[in-house]
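One structure is given below, encoded as structure tokens.
The values are calculated or read from the model by the stated rules, or taken from the named source; none is laboratory data. Remember, it's a predicted structure, so these values are computed and weren't measured experimentally. Cβ: placed from backbone, ideal geometry, glycine included. Neighbour counts: every protein chain shown.
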Amino acid sequence: MKLTKNLFKKPNNPLEWYDSRTKDSIPDVPDEMCISCPKCRAIILTGDLNENAGVCPKCGHHFRLNSRQRIGLLTDADSFTEHDGELRSTNLIDFPNYDKKLWHARLKSGENEAVVCGTACVEGFPCALFVMEADFMMGSMGTVVGEKITRLFEYATEHSLPVVGFTLSGGARMQEGTLSLMQMAKTSAAVKRHSDAGNLYVAVLTDPTTGGVTASFAMEADIILAEPGALIGFAGPRVIEQTMRQKLPPGFQRAEFLLEKGFLDDVVPRGRQKAYLANLLSLHRKEA
Amino acid sequence: MEAFEHLAAARAKDRPTGLCYIRGIFTDFVEMHGDRRFGDDQAIVTGIARLCGMPVTVVAQEKGSGTKERVRRNFGSPHPEGYRKALRQMKLAEKFGRPVVCFVDTAGAFCGVSAEERGEGQAIAENLMEMSALKTPILSIFIGEGGSGGALALAVADEVWMLENACYSVISPEGCASILWKDSSQVSRAAQCLKMTAKDLLQLKIVERVVPEPADFENLYENLKTGIYHKLVDLQAFGTEELLRRRYDRFRKFGVPG
């Protein structure tokens, strides 16, 4: 009864409720349906869009992908083995409505948490891989996200594996209070150990990568890449506009802006990513 | 006392700032300026001093007192060059075997165009990573506000202490209330929910010690002086390897499920 009553209720938090009708998502509709590209306004068949890895065939706008789509796109067939997929967040500090939010997020994303971790091969090169999930509270980092990323880096250190990570996050998860903040330090320490042991870490920043994730493992990679047009920053653009009462210049905090300012190694379109990463993995391959 | 009352005390205009602690606790303080990359951020003060005869590196976020001084200090919200200056001094501390003492007091890292285009996120990230393996003891003391990543960037330490009224949170209660409840009158409720007081954080083992605040802060400086000295001596007694293992484990344990 309660469920049907709230069925049509508008979610009270647009930042965390990722509405499937928003312009940046790929609606789950039959192939013959159309979608309008938010950038060039071209009408695209969703079937064409899916075949093109979620990139607008007309203007190259990158739509968001979920973590499984991305893993499918990037890794060799059947090479992905998931790690710690069963870990689930609990309401550690009794934050109001957090249990309900987690339940919605699991339902919406089909995932247990906001990051999927594991090992895989990219064109035959083995690596440890993490991919963050927009549909789970916009990839926010709570204790379980921090724990999964930390475990992945520890595993990779132990097995001398390179790490490839796709970041996407609204930042630290406020519903877990200061414990979320601690995940920034925890993951950074694990990245440091992995790095000091001489292992490669490549991060690919996707739209959006902000807050506590930008200020920790996203910006700590040896090689930092980004998808075209991805929003990347510490403070979100709305926060800056509100607090500074300052209109932001066009292109501010986009991948191309960060490349120009010297904070990225390259901007790599989705279609080229697999070959690009395989080449990097090959160039850093340790002699057996 | 409600969480929001602690926060109000932490933000009070007449509350002693970072430089007061430096003057009250250390002797022979020499300030060191600049990050050698871009500039000298006034929101973070760094330098070398003596504590009961022992040379130490001191890093403090400084909000400034008086309107003019506050503006010059950017209200204690550092730009990337502030964090890079702090890291530079910490690296020197490592080289010369000095322990590091950090005083944290910031509403958060500065959020504005200038900070973003110079890589605020990258600067904080680098501090977290480098501090996690800095081969010398680090003690961080929260003396006022501890705003999110901007505070953590000086608090990846072997021990973290908080003054009785100091706060440490992932987001400001104002930000939390406006995002979650779209209602800025819910600030006090948000402060309570975020578990940001010294007492809450001691319970969560995020801090090791809560320092009571006497009416007269001069007494506090005396107490802190001996407290910090003894802690640094204890930390120095661990070998480097043991020190770093303990620091790693200190953060590793937060939020391990089950």
**OP:** Would you check which residues across the range B:144-177 are hydroxyl-bearing (Ser, Thr, Tyr) and more than 9 Å from chain A (Cβ to nearest Cβ) and list them?
**Re:** B:Ser172
Original post:
Just a yes or no: is a residue in the range B:216-224 surrounded by 17 or more Cβ atoms within 10 Å (Cβ to Cβ), in contact (Cβ under 8 Å) with a residue 40 or more places away in the chain, farther than 14 Å from B:Leu7 by Cβ and facing another protein chain (nearest Cβ under 10 Å)?
Top reply: no
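Of everything in the range A:239-288 that's acidic (Asp, Glu) and part of a helix (DSSP H, G or I), which residue is modelled with the lowest pLDDT? Give the steps one after another, and end with the answer.
First pass over the range A:239-288, keeping only residues acidic (Asp, Glu): A:241, A:256, A:260, A:265-266, A:287.
From the residues that got through so far, the ones that are part of a helix (DSSP H, G or I) too are A:241, A:256, A:260.
Details: A:Glu241: 83, A:Glu256: 96, A:Glu260: 96.
For the range A:239-288, the residue satisfying everything is A:Glu241.
Looking at the range A:260-280, which of its residues are among the aliphatic types (A, V, I, L, M) and over 19 Å from the mean Cα position of the chain (by Cα)? Spell out how you get there, then give the answer.
Quick first cut of the range A:260-280, residues among the aliphatic types (A, V, I, L, M) only: A:264, A:267-268, A:275, A:277-278, A:280.
Across the range A:260-280, the qualifying residues are A:Ala275, A:Ala278, A:Leu280.
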Subject >> Count of the range B:42-73 residues which are at pLDDT below 95 and polar (S, T, N, Q) >> reply: 2
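Strands (runs of 3 or more DSSP E) wholly in the range A:111-224 with at least 1 residues that are β-branched (Val, Ile, Thr), within 14 Å of chain B (Cβ to nearest Cβ) and under 13 Å from the mean Cα position of the chain (by Cα) - which ones?
Per the criteria, A:115-122, A:163-169, A:201-209.
Assess whether A:Phe153 counts as being aromatic (Phe, Trp, Tyr) and without any contact (Cβ under 8 Å) to a residue 40 or more places away in the chain. Break it down stepwise before answering.
Working: aromatic (Phe, Trp, Tyr): yes; without any contact (Cβ under 8 Å) to a residue 40 or more places away in the chain: no.
Against the criterion (aromatic (Phe, Trp, Tyr) and without any contact (Cβ under 8 Å) to a residue 40 or more places away in the chain), A:Phe153 does not qualify.
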**OP:** Could you run through the range B:178-191 and say how many residues are more than 10 Å from chain A (Cβ to nearest Cβ) and in contact (Cβ under 8 Å) with a residue 12 or more places away in the chain?
**Re:** 3
**OP:** Take B:Arg88 and decide whether it is touching a residue at least 40 places away in the same chain (Cβ under 8 Å), outside any loop (DSSP other than H, G, I, E, B) and either surrounded by fewer than 19 Cβ atoms within 10 Å (Cβ to Cβ) or among the β-branched types (Val, Ile, Thr) (or both).
**Re:** yes
Subject >> Positions within the range A:72-107 being more than 10 Å from every other protein chain (Cβ to nearest Cβ), part of a loop (DSSP other than H, G, I, E, B) and touching a residue at least 24 places away in the same chain (Cβ under 8 Å), in sequence order >> reply: A:Thr75, A:Asp76, A:Ser79, A:Phe80, A:Gly85, A:Asn91
Original post:
Among strands (runs of 3 or more DSSP E) lying entirely in the range B:15-76, which contain 3 or more residues that are surrounded by 21 or more Cβ atoms within 10 Å (Cβ to Cβ) and in contact with a strand residue (DSSP E or B) (Cβ under 7 Å, 6 or more places away or on another chain)?
Top reply: B:44-51, B:54-61
Original post:
Looking at the range A:250-261, is at least one residue facing chain B (nearest Cβ under 9 Å), in contact (Cβ under 8 Å) with a residue 24 or more places away in the chain and not hydroxyl-bearing (Ser, Thr, Tyr)?
Top reply: yes
**OP:** Name the residue, out of B:Glu174, B:Glu164, that is within 23 Å of A:Phe234 (Cβ to Cβ) and in contact (Cβ under 8 Å) with a residue 12 or more places away in the chain.
**Re:** B:Glu174
Original post:
Has the range A:122-134 got at least one residue that is surrounded by fewer than 20 Cβ atoms within 10 Å (Cβ to Cβ) and within 30 Å of B:Ala177 (Cβ to Cβ)?
Top reply: no
